[in-house]
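First the structure, in the form of structure tokens, and then the observations on it.
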Amino acid sequence: MLFKALIGAIPFAGQIQWSPGVRIGYVPQKLDLERDLPITGLDLLSAKRRVVAGDEQLDALARRVGLERETRKPIGALSGGQFQRLLVALALVGDPDVLLLDEFTAGVDAPGQERLTELVRTLQAEHELTVLSISHDLSVVYRSASNVLCLSRDRSCIGPPRKILTPALLEEIYGTEVEFHVHGA
Amino acid sequence: MALEVAALLLSIVTASIAGLVGCFVVMRRMSLAADAFSHVALPGIGVALALGIHPLFGATAMLVFGALIIWGLERRTRIATETVIGVVFSSALAVGGMMSSGEDLVDALLGGPGQLGPGELAFGAAAAIAIGTFIIMQRSRLILWLVSADIARTAGIDVARLNLSFLMMFALTIALGLRYLGVLLMGSLIIIPAVTAKRLARNLTEMLGYAVAVAVAATVAGTYLAHRAHRPTGPIIITIGAVLFVASLFKRTR
């Protein structure tokens, strides 16, 4: 919902101020698409390149997210993780400043999630991206985020994960005791 | 004779356009809606005949109105759209059926040979150029939009406007085919070639190509057979399309 408001997909009260000329790349959560659409990854990438008048080399971009021949296949033939990586590549077309990730690893198996998170981390450094990510996976949040904004019905808080993701505060937000493990901490 | 050739050419152009538009209709999962959508033209034809104006004007006006209804509803929810299309547009068929009768009604429903006037020919040519240009120019926007409206938005696409333009082109496409297919069958010329192409194609360009090929093949063969057998053109064209679709089912799935 927060991201839908940020990209202007739903009406909202209040004000959203993007810096002028900001370019946004958006990676949605698992899309509800028919499996037999005759659309390939390359169809999608070149469609967006044409719309935003980008100058990306699409094969290189696909390789960057770990896809090779897969971009020539219909998107329904890709695995969940491959498709999400394709969507990351799609978000990168047009050289965005900000990447919005809306639970983009949901429904992907554990190694696939790991790979996606790692991919975004390296892309963030390479492209100097601001990454806003919605996630329910607290251990991922703990390891990746520099700042955490938590929202619940009647409470919100913002700050670095070490300060926010404390058992006491989490219990207050979720309304119940929450356990999570910080690996290597 | 010249007008007969022009009529056949216009049918071929209409079929190509129906194939192109159909691909996006099918990928948007509007197959069922497309069928009912064409029914809305009938009351328009009835009113036009009663007033003594060209039925195409009445039909086009009603189709544009129908497109606005779908657009308005889709801005709210998808489920309501299905219901309303099912109820409102099918009732339109009933209302239209009451307004016309006899030969006129049969021609309006199934398409008839009817004389093609220069005015209708000019309308057909202009509409075909408008729709063809739209699909070619907006193809990339349409693809992003049907995969994810949110991704389309972040690429700077005005989604509501694109949807409205698309529905208008869809309405025009139906209007184009009414003369030779009628309100009952024009929806099928949009849907059947596209679903056939969807089964055969491996990418978007192939899908567009196959859809045009199937629509044109069915139209040319159907027009020829109907002429030979002295039967209405619409049912024969759609039957040929359906046969091609069934044949496509034999293709091994990937």
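A short reminder: the numbers here are calculations on the coordinates, not readings from a lab. All values derive from a computational prediction rather than experimental measurement. Note: ideal-geometry Cβ built from the backbone for every residue, glycine included; neighbour counts use all protein chains shown.
Between beta-carbons, use under 15 Å as the cut-off and find the net charge around B:Ser11, counting Lys and Arg +1, Asp and Glu -1.
Every neighbour counted, the sum reads -1.
Give me the percent of DSSP beta bridges within the protein assembly as shown that run antiparallel, rounded to the nearest 5.
Restricted to the protein assembly as shown, the bridges split so that about 40 percent are antiparallel.
Report the label-to-label distance for B:Glu4 and B:Ala50 in nanometres (one decimal), using points 7 Å from each Cα along the Cα→Cβ vector.
Label-label distance for B:Glu4 and B:Ala50, simple model: 3.7 nm.
For region A:23-134, what does the relative contact order come out to in percent, with C-alpha contacts under 8 Å and a separation of six or more?
Averaging sequence separation for qualifying contacts and normalising by length gives 38 percent for region A:23-134.
Mean Kyte-Doolittle of at least 0.5 plus a Cα span of 18 Å or more along the axis: flag which DSSP H helices in chain B meet both, please.
The qualifying helices are B:2-27, B:55-74, B:118-147, B:159-200, B:204-229, B:233-248.
Mind scanning A:Lys4/A:Lys73; B:Lys198/B:Lys251; A:Lys73/B:Lys198; A:Lys4/A:Lys163 and naming the pairs with a C-alpha gap bigger than 21 Å?
A:Lys4/A:Lys73; A:Lys4/A:Lys163
Relative contact order for chain B: what percent, with Cα pairs under 8 Å and sequence separation of 6 or more?
31 percent
Testing the spin-label approximation: label points 7 Å from Cα along Cα→Cβ at A:Ala60 and A:Leu2. State their distance in nm.
It works out to 3.5 nm between the two label points.
For region A:1-146, report the translational diffusion coefficient in µm²/s to the nearest whole number, using Stokes-Einstein at 10 °C, 1.306 mPa s, and a Kirkwood Rh over Cα pairs.
100 µm²/s
Based on Cβ point charges of +1 for Lys and Arg and -1 for Asp and Glu, what charge dipole magnitude is obtained for region A:23-134 about its Cα centre, in debye rounded to the nearest 20?
The dipole of region A:23-134 has a size of about 240 debye.
Given points 7 Å out from each Cα along the Cα-Cβ axis, report the A:Ser139 to A:Ile16 separation in nanometres with one decimal.
Computed distance between label sites A:Ser139 and A:Ile16 equals 3.2 nm.
Residues with beta-carbon under 10 Å from that of A:Lys4, excluding A:Lys4: net charge, scoring Lys, Arg +1 and Asp, Glu -1?
-1
Test of understanding: express the Cα radius of gyration of region B:2-184 as a ratio to 2.2 N^0.38 Å, with N the residue count.
Cα Rg divided by the expected 2.2 N^0.38 Å: 1.04.
Extent of region B:128-238 along each principal axis, from alpha carbon coordinates, in Å, largest to smallest?
55, 29, 21
In degrees from 0 to 90, rounded to the nearest 10, what is the angle of the helix A:110-127 Cα long axis to the longest principal axis of chain A?
Approximately 80 degrees, to the nearest 10.
What aspartates and glutamates does A:Lys48 reach when the alpha-carbon gap must be under 12 Å and sequence neighbours fewer than 8 apart in one chain are set aside?
Cross-link targets: A:Glu56, A:Asp95.
As a test, work out the antiparallel percent of DSSP beta bridges whose residues both lie in chain A, rounded to the nearest 5.
Looking only at bridges with both residues in chain A, the antiparallel portion is about 40 percent.
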